[in-house]
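Working notes, structure below.
The values are calculated or read from the model by the stated rules, or taken from the named source; none is laboratory data. None of the values given here were measured: they were computed from a predicted structure. Cβ placement follows ideal geometry from the backbone for every residue including glycine, while neighbour counts extend to all protein chains displayed.
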Ligand code: ZN
């Protein structure tokens with residue numbers, strides 16, 4: 001559970017730590033405001049990603065389903081800074097498909113936690129494997145990390161791309177190639 005009081009205390013300390021005065025006019029509501037915002041951006045901590053995938057529809061077809069350009073916003077656990085971008089998810093149904101908005105909801109739940117992009121990519125793939133029992137899943141995430149672009153090496157616009165493959169996608173370069181072709185369409 002999110003403990004807003006603790007977050008408020010921490011933000012006050014943080015402000016002091018950078019040499020600010022948490023009592024000054026512009027900052028006096030900041031700790032409470034940040035605590036409320038954290039409640040929202042970390043709402044996935046308490047959310048179960050299997051819920052949106054529980055409602056499935058029966059299908060005969062086993063043609064690839066691709067949902068691309070799902071926008072997401074997450075927080076890097078190494079720097080507590082945002083990383084954000086697009087998720088692309090493909091799967092080969094074996095009798096079951098999820099409602100399209102449900103894939104976006106699954107991404108949203110995993111994004112609303114402290115994350116590293118590699119783990120989030122795998123979690124999305126594993127959730128689909130578990131709840132839709134498809135022939136295979138492929139997930140690609142492309143994201144800009146503020147901890148990279150705002151400091152240090154400062155490469156604005158540079159994106160990190162991560163891939164997770166499961167099931168029939170694993171040893172099938174042709175299937176993977178088809179996924180990338182469909183992404184470019
Ligand atoms: Zn980072």
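Looking at residue 40, is it more than 16 Å from the ligand (Cβ to nearest atom), under 30 Å from residue 13 (Cα atoms) and either modelled with pLDDT under 95 or assigned to a strand (DSSP E or B) (or both)?
Yes; evaluated as a whole, the condition is true for this residue.
Looking only at segment 86-103, filter to residues that are part of a helix (DSSP H, G or I) and surrounded by fewer than 18 Cβ atoms within 10 Å (Cβ to Cβ); which one of those is modelled with the highest pLDDT?
101
Determine the pairs where a residue that is closer than 13 Å to residue 164 by Cβ, located within segment 130-153, has a partner that is within 16 Å of the ligand (Cβ to nearest atom) and part of a helix (DSSP H, G or I) with Cβ atoms under 7 Å apart, the partner being 6 or more residues away or on another chain.
Pairs that qualify, where the first residue is closer than 13 Å to residue 164 by Cβ and the partner is within 16 Å of the ligand (Cβ to nearest atom) and part of a helix (DSSP H, G or I), are 139/121; 141/117; 141/120; 141/121.
Please list, ordered by first then second residue, the pairs with beta carbon atoms under 7 Å, 6 or more apart or interchain, first in segment 24-35 and within 13 Å of residue 10 (Cβ to Cβ), second at pLDDT below 95 and surrounded by 15 or more Cβ atoms within 10 Å (Cβ to Cβ).
Final answer for the pair search is 35/4.
So in segment 145-160, with the set limited to residues that are within 11 Å of the ligand (Cβ to nearest atom) and within 15 Å of residue 82 (Cβ to Cβ), which one is modelled with the lowest pLDDT?
151
Given the conditions (1) more than 18 Å from the chain's Cα centre (by Cα); (2) within 16 Å of the ligand (Cβ to nearest atom); (3) crowded, with 16+ Cβ neighbours inside 10 Å, report the number of the one that residue 175 does not fulfil.
(2)
For residue 164, only one of the following conditions fails: (1) in contact with a helix residue (DSSP H, G or I) (Cβ under 7 Å, 6 or more places away or on another chain); (2) in a loop (DSSP other than H, G, I, E, B). What is its number?
(2)
Out of segment 106-129, which residues are within 14 Å of the ligand (Cβ to nearest atom), outside any loop (DSSP other than H, G, I, E, B) and in contact (Cβ under 8 Å) with a residue 40 or more places away in the chain?
114, 115, 117, 118, 120, listed by residue number.
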